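The structure appears right after this line, and notes come after that.
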Amino acid sequence: MGKKAVMAGTGVVMLLFLVVHMLGNLKIFFGPENFNAYAAWLRTIGEPVLHESWYLWIQRTGLLACVVLHGVAAYQLSRRDLAARPAKYVHKQSRASYATRTMRWGGVIVGLFIVWHILDLTTLTVNPRGQAGHPYENVVADFRVWWVDVVYIVAILALGLHIRHGFWSAAQTLGAVNKRRDRALKTTATVLAAVLTAGFLVVPVAVMSGLVD
């Protein structure tokens, strides 16, 4: 139960971050000046108590801790489940949803994407433009490269499936699920996953189509 609580708690924290992150990304539709100003503002949060960018590094450290704890707990639970079922079922059953059956691989894809995303738009190590202080231009340069679009789209679709199952699973772990709420929570999970998926994918699509340039 403790490992499931860790997964649920860290999952909620990361989900809240994704909602805020998606809303911030959508500011790209207001143009480079607005988007770059927003990115610059993020580096000043907490001043004068905190120095420039300290808040961002505190946030990144906290999120990294959540990712590690989430992944370790998921791995340990997976190993425990496999140990409890050493023999394969004679008749395979497909009661689990597609999202449930792909949670493990989806988690791996998202984890690898996080590493690439940091190297791309945080450290600018692999970004095609890599110009510090110009996030709008860096994002546009990214999504003008076809394989970057493919990587991003695959990762976001995997993330959407992960959220859809993870939201309901977290609610169940935290004791929010009962017969009366089950359908509403599953609907909420589906809608939330769809909104986040669409919200993240609209940016590369806008760059590819020339709406954002």
Given the condition modelled with pLDDT of 95 or more, touching a Lys or Arg at 6+ places or on another chain (Cβ under 6 Å), crowded, with 16+ Cβ neighbours inside 10 Å and part of a helix (DSSP H, G or I), answer yes or no: does some residue in segment 26-36 qualify? yes
Looking at segment 194-213, which of its residues are under 20 Å from V140 (Cα atoms) and either surrounded by fewer than 16 Cβ atoms within 10 Å (Cβ to Cβ) or over 23 Å from the mean Cα position of the chain (by Cα) (or both)? A198, V205, M208, S209, G210, L211, D213
Is it the case that some residue within segment 149-166 is among the small types (G, A, S) and free of Cβ contacts under 8 Å to residues at least 40 places away in the same chain? yes
Got a sec? Which of A155, A176 is of a type in the set (A, V, I, L, M) and under 19 Å from P204 (Cα atoms)? A155
Quick check on this structure: which one of V19, V6 is modelled with pLDDT of 95 or more and either in contact with a Gly (Cβ under 7 Å, 6 or more places away or on another chain) or under 19 Å from H165 (Cβ atoms) (or both)? V19
Can you tell me which residue within segment 163-193, out of those that are loosely packed, with under 14 Cβ neighbours inside 10 Å and modelled with pLDDT of 80 or more, is nearest to the chain's Cα centre (by Cα)? V191
Unique match (being without any contact (Cβ under 8 Å) to a residue 24 or more places away in the chain, in a loop (DSSP other than H, G, I, E, B) and among the charged types (D, E, K, R)) among R180, R144: R180
A65 is checked against (1) within 24 Å of F113 (Cα to Cα); (2) more than 20 Å from the chain's Cα centre (by Cα) and fails just one. What number does that condition carry? (2)
Per the list (1) farther than 17 Å from G9 by Cα; (2) part of a helix (DSSP H, G or I), residue check on H162 breaks on (1)
If you go through segment 122-141, how many residues are surrounded by 15 or more Cβ atoms within 10 Å (Cβ to Cβ), touching a residue at least 24 places away in the same chain (Cβ under 8 Å) and not aliphatic (A, V, I, L, M)? 4
Breaking point among (1) at pLDDT 90 or above; (2) under 22 Å from G166 (Cβ atoms); (3) over 21 Å from the mean Cα position of the chain (by Cα), for G46: (2)
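The values are calculated or read from the model by the stated rules, or taken from the named source; none is laboratory data. The structure presented is a predicted model; accordingly, all values stated were derived computationally and were not measured. Ideal geometry is used to build each Cβ from the backbone, glycine not excepted, and the neighbour counts take in all protein chains shown.
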